[in-house]
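What follows draws every value from the coordinates through simple rules; no lab data is involved. The structure presented is a predicted model; accordingly, all values stated were derived computationally and were not measured. Every residue, glycine among them, receives a Cβ derived from its backbone with ideal geometry; neighbour counts consider all protein chains shown.
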Amino acid sequence: MHLPDEVLVQKSKDGDLEAFDELVRRYESKIYGLVYRFMGNHADASDLAQDTFIRLYQALAGFRGDAAFSTWLYRIASNICRDEIRKRQRRRSVSMDEMIDASPANVPTADDSYSPEETVQRREMQRQVQFCLNQLSDDHRLILIMREMQGLSYEEIAGVLQCSLGTVKSRISRARNALKERMSKQGELLPGSDRHKTKGGKSNAMS
């Protein structure tokens, strides 16, 4: 039986570890995907996704249900990513290049329905998109990941970022333009593009 998040949350608060494990299973791939795209490599994604669920367990008793559980969880994950970036910037020990997982073998695999040649091309495209994402500001990178890759609604993003819908729409527009500019400079098209460009060489993929 598929229990709603709210029921699992309450059971978890009451000490039901199986209920908490179910929450983890339900969201672990989404949180991993968010963190991977934000940080740009699998090692950080694994560590910070784990940190997210540890933080969740520690903070669960304080969850009042003012927002959807998923919104609250995304907020925890995004804050952990931002905190990690800030710590690294302060230490100045990690360069942008070190945050890019440039090896095609470490990029999530393409669908088995693609030919080997198409798979290689898609992996290279994913690598280029990740490279360009990593060059965006933290705010632009996070909001694009949530909207374009995680499929969150404007309302859900507003809940995660705790801002208005108008602010969300404005940030997404600016972030899309920033990524298109980066992709244009790389001479690459975004995933899902029909391989046609707009005036100025920008891709339609995220319009």
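Residue exposure proxy: L34, L8, L73, ordered by other Cβ atoms within 10 angstrom of their Cβ from fewest to most, comes out as L8, L73, L34. Quick one: if the Förster radius is 35 Å, what FRET efficiency do E117 and N177 give, using the C-beta to C-beta distance and rounding to 0.05? Computed FRET efficiency for E117 and N177: 0.65.
Note on Q126 and D21: with the Förster distance fixed at 35 Å, the Cβ-Cβ geometry gives a FRET efficiency of about 0.70. Relative contact order, whole percent, for region 1-99 stands at 26, derived from Cα pairs under 8 Å and 6 or more residues apart.
What ranking do Y32, Y74, Y154, Y27 get, fewest neighbouring Cβ atoms within 10 angstrom at the top?
Taking fewest neighbouring Cβ atoms as first place, the list is Y154, Y32, Y27, Y74.
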